[in-house]
Amino acid sequence: LKAPITTPQGGGYKSLNVTTRKFLGLYSNVRPCMSLHPFVKTKHPEMDIVIIRENEEDLYAGIEHQQTDEVIQCLKLISRPGCEKIIRYAFEYAKQYGRKKVTCFTKDNIMKQTDGLFHQVFDEIGAEYPEIEKEHWIIDIGAAKMADTPEVFDVIVTLNLYGDVLSDVAAQIAGSVGLAGSANIGEECAMFEAIHGSAPRRANQNLANPSGLLQGAIMMLNHIGQTEVAEKVQNAWLKTIEDGIHTYDIYKDGVSKQKVGTKEFAKAIINNLNQKPNTLKPVSYAKGKALVLPKYQRKTAQKKELLGVDIFVHWSGTNANELAEKIKEIENNGIKLSMITNRGIKVWPDGFKETFCTDHWRCRFKPEEGKNIDKSSIIELLKNANNINIDVIKTENLYAFNGKPAFSLGQGQ
């Protein structure tokens, strides 16, 4: 059971939250967000959703590099094991807690390889749960729909960054970020916490709402099988909210009865142990029931074929045609320059002079018809580039897996 930790913005140290989740293998972040209408102000009185977020990879791998004067890279890493574990957890969670629908959020219309894999695995695993309704939303319109009409969602499963944003939005529109807890579940360990930050402005003032950490503790009690204790505490908390005993962040004249501090709110919950709410729905947890998940099994290796290479260069010019003439000098053994892009936009051949270009260029090389490319061909390209002072900053090999190209394609590529 972990208290909030604040990570400095910009410089400083790597997030301890992210690091702890990763080294303990806590792949699943679970954040229930439920309306407490009419006792806590919300525009969404029927809201009751659970956001299940992949917790270890995506852009939160934290792998970043400055590559040129003008461009910094952040790697988005999505793995099949990561997708399978989180998506199976979402369906098993829905099954255990009697949820009727699981919704997948991705941006696979743009990120066809990474988010495309997540959507593909969702469809594969979802087919094993015919009793649960399944749907997929593109993240931008899906997030807008959740903020506007959260009652149409039940369980949402998504990638790390999207899930981080969605869960805070969901907690806020449910009433307050300060009311929500979260679970971080792994195959060997689990960690429970509030979703809010450390709030140093509220420290040592007996003001802060302790509900977030308490909700994390209730989730922990359920996880370790102390479901009867969890049920008692949750119902006492609901009764306290219903009684109008509120901390400053949710206090509202005409609804709340008493504004209290952190300690007084905790004492009120203790006094309400063994009681249940009347208006809010009391909880009833499955006695001692545990959620059991199979461990990931590695699949049979696919046939992997090298098709080409993307060579990224740092070049301060602005005319892609000039760069193409220079880059063509490194061609060898039928390995030819086929495309240049800048920030993912094709600028050669047939680029547009209006396209703004930075100093970071992707130069794609592919073999001519009837020729093959191998690792030694790529090494020869790099040697040639070094000989004419082309500043190569990275390479990415282009592969097909089981005959299907597994890289983003440019126009005509």
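Data table
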{"read-out": "In the range 301-328, the residues that are touching a helix residue (DSSP H, G or I) at 6+ places or on another chain (Cβ under 7 Å) and farther than 29 Å from ASN402 by Cα", "value": "TRP315, GLY317"}
{"read-out": "Identity of the residue in the range 293-307, outside any strand (DSSP E or B) and in contact with an Asp or Glu (Cβ under 8 Å, 6 or more places away or on another chain), that ends up modelled with the highest pLDDT", "value": "TYR296"}
{"read-out": "Residues of the range 166-193 that turn out to be modelled with pLDDT of 85 or more, of a type in the set (Ser, Thr, Tyr) and either open to solvent by 40 Å² or more (accessible area, probe 1.4 Å) or not in a strand (DSSP E or B) (or both), as a count", "value": "1"}
{"read-out": "Residues (open to solvent by less than 40 Å² (accessible area, probe 1.4 Å) and among the hydroxyl-bearing types (Ser, Thr, Tyr)) located in the range 55-68", "value": "THR68"}
{"read-out": "Unique match (being touching an Asp or Glu at 6+ places or on another chain (Cβ under 9 Å), surrounded by 17 or more Cβ atoms within 10 Å (Cβ to Cβ), at pLDDT 95 or above and not hydroxyl-bearing (Ser, Thr, Tyr)) among ASN272, ASN209", "value": "ASN272"}
{"read-out": "Subset of the range 222-263 [of a type in the set (D, E, K, R), surrounded by 14 or more Cβ atoms within 10 Å (Cβ to Cβ) and under 18 Å from GLY178 (Cα atoms)]", "value": "LYS239, GLU242, ASP249, LYS259"}
{"read-out": "Residue selected from the range 133-157 under the condition charged (D, E, K, R) and either in a strand (DSSP E or B) or more than 15 Å from the chain's Cα centre (by Cα) (or both), by the criterion surrounded by the fewest Cβ atoms within 10 Å (Cβ to Cβ)", "value": "ASP148"}
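Okay, residues lined up against (1) at pLDDT 95 or above; (2) open to solvent by less than 50 Å² (accessible area, probe 1.4 Å); (3) not in a loop (DSSP other than H, G, I, E, B):
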| position | (1), (2), (3) |
| --- | --- |
| ARG31 | no, yes, yes |
| VAL50 | yes, yes, yes |
| ARG53 | yes, yes, yes |
| GLU70 | yes, no, no |
| CYS83 | yes, yes, yes |
| ILE87 | yes, yes, yes |
| CYS104 | yes, yes, yes |
| ASN109 | yes, no, no |
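The values are calculated or read from the model by the stated rules, or taken from the named source; none is laboratory data. Only a predicted model underlies this, so the values are computations on that prediction, with no experimental measurement involved. So basically every Cβ, Gly included, is an ideal-geometry build from the backbone, and we count neighbours across all protein chains shown. SASA here: full protein model, heavy atoms, side chains in, ligands and nucleic acids out. Shrake-Rupley method; radii C 1.70, N 1.55, O 1.52, S 1.80 Å.
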